[in-house]
Amino acid sequence: MNFSQAATMYVEVDTGASSTRGLALVKIDGNTYEFFIHQPPNVGYLRRSNYENDKGKGTPKTSRVTFRQGNEWAFRIVGEIPGHAGTKTDPNMSKAYLLVPKVLAFVGLALDRFPELSPERTKLQINFMLPISEWSEYSDLESDLLRCLLGGFGYNGRHIDFEAVDAKGYMEGAGIATIAPPEITAYVGVFGHKDANFIAVEDGRALAYPKSKTFEGLGMSSIVNSVMHFTDDVQGAKAVFRFLALLDNPQQQDKARKELAALIQPHRLERKLTETRERFKANWGEIEQRINSDRGIKQAQAFYLVGGNAPLYKNRFKDLFGSTFKPLSAAIKQLAEEFEGINTQWAYRALDVWMLHLHVTGRTWSIKGGK
């Protein structure tokens, strides 16, 4: 590719706790290029003394980001740290003040797809999504991002300056909000790694508190922590997810057993399998009880479900909400077909940011028959 004209780049990024994912669209020379991007779990930042051991051992899954923090230059390592596969996920990694390097790294990953693209001749429009629990801090992140993107930042040794930048923050659920009928009150259930979130949607926009709710500690990590075995809670959550997803299918139970057997010693396996099943059942029981006692969520006129762990809860929410539940099967299928490497679970995880991506790039997706 030999680009000769100025370009416009749209980047939509979901700054989830366990990984960062999103989409980018580039318009240049009359052509449009679009792609899905994923950065593996962010194990937080390492201070310089720790980083020296891994300097020069970068991988495609790791980004080194430098940026201005006040009057000083700071750096963070984002992604999987080489040689640290068993590192527990930094519990503070999803706090708003640590998300600047994650978003900057994501912009760098988008530029990697177009090595001939000149950032100084590129107009960037970036939209990022924050978990509801961090929504109140988004304005600081927005100004910090603008300062870094307009003042220049470093990505894997490359200094990057854009011609112009527009940055805007959104609360999770904002993508699904663009397809919910504006005349009704809808809720979006977001089932991620740590919490179970329920985002109220009215007039095509996601609402902050008090209508939106966070059920703290009822995400997949609570099940992983109750099993109390895994050294890496992200990898543990993936294993538990696979086990629970297969367990409902009698023909897949042997496979489900092997999923955890690879991580749990044989003499502990049966007890851990029982604990996993019981904890998931207890988690769902608490979620169901809270929904039934919550006037807003229970009276939703439409209910949508997204997030990496959503497939485990799909049938349960369908039974709970009946025809009010909108499974979005057609959207899941379309997303998985349009972008390479997205399976059904990934589609559930990326659906919200994809809807936002379509909206900000001037396209729409409409529900047909509630599917």
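Numerical summary
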| read-out | value |
| --- | --- |
| Which numbered condition Gly308 misses (of (1) outside any helix (DSSP H, G or I); (2) at positive phi; (3) open to solvent by less than 50 Å² (accessible area, probe 1.4 Å)) | (2) |
| Matching residues in the range 178-198 - criterion: being part of a strand (DSSP E or B) and β-branched (Val, Ile, Thr) | Thr185, Val188, Val190 |
| Which listed residue, of Thr324, Thr344, is over 30 Å from Tyr209 (Cα atoms) and among the hydroxyl-bearing types (Ser, Thr, Tyr) | Thr344 |
| Residue in the range 216-232 that is touching a strand residue (DSSP E or B) at 6+ places or on another chain (Cβ under 6 Å), at positive phi and touching a residue at least 40 places away in the same chain (Cβ under 8 Å) present | no |
| Given (1) touching a Leu at 6+ places or on another chain (Cβ under 8 Å); (2) part of a helix (DSSP H, G or I); (3) closer than 16 Å to Leu23 by Cα; (4) touching a residue at least 24 places away in the same chain (Cβ under 8 Å), number of the condition Leu273 does not satisfy | (3) |
| All positions within the range 322-347 that are open to solvent by less than 20 Å² (accessible area, probe 1.4 Å) and either part of a loop (DSSP other than H, G, I, E, B) or modelled with pLDDT of 90 or more (or both) | Phe325, Leu328, Ala331, Ile332, Leu335, Phe339, Ile342 |
| Total residues in the range 178-230, condition open to solvent by 50 Å² or more (accessible area, probe 1.4 Å) and among the acidic types (Asp, Glu) | 3 |
| Any chance Gly285 is on the phi > 0 side of the Ramachandran plot and either of a type outside the set (S, T, N, Q) or modelled with pLDDT of 85 or more (or both) | no |
| Residue check, Lys211 of a type in the set (D, E, K, R) and part of a strand (DSSP E or B) | no |
| Leading residue by the ranking (farthest from Arg290 (Cα to Cα)) among those in the range 174-198 that are small (Gly, Ala, Ser) and in contact with a helix residue (DSSP H, G or I) (Cβ under 7 Å, 6 or more places away or on another chain) | Gly175 |
| Selected residue (criterion: farthest from Arg113 (Cα to Cα)) from residues of the range 134-170 that are buried (at least 17 other Cβ atoms within 10 Å of the Cβ) and hydroxyl-bearing (Ser, Thr, Tyr) | Tyr138 |
| Test: Leu260 is in contact with a Ser or Thr (Cβ under 8 Å, 6 or more places away or on another chain), in a helix (DSSP H, G or I) and open to solvent by less than 50 Å² (accessible area, probe 1.4 Å) | yes |
| Failed condition for Asp294, given (1) open to solvent by 50 Å² or more (accessible area, probe 1.4 Å); (2) of a type in the set (D, E, K, R); (3) at pLDDT 85 or above | (1) |
| Residue selected from the range 231-248 under the condition at pLDDT below 75 and within 17 Å of the chain's Cα centre (by Cα), by the criterion surrounded by the most Cβ atoms within 10 Å (Cβ to Cβ) | Ala237 |
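The values are calculated or read from the model by the stated rules, or taken from the named source; none is laboratory data. These numbers come from a predicted model, not from an experiment. A quick note on method: Cβ atoms are made from the backbone with ideal geometry, for glycine too, and the neighbour counts reach across all protein chains shown. Just so you know, the surface numbers come from the protein's heavy atoms only, side chains and all, with ligands and any DNA or RNA stripped out. Shrake-Rupley method; radii C 1.70, N 1.55, O 1.52, S 1.80 Å.
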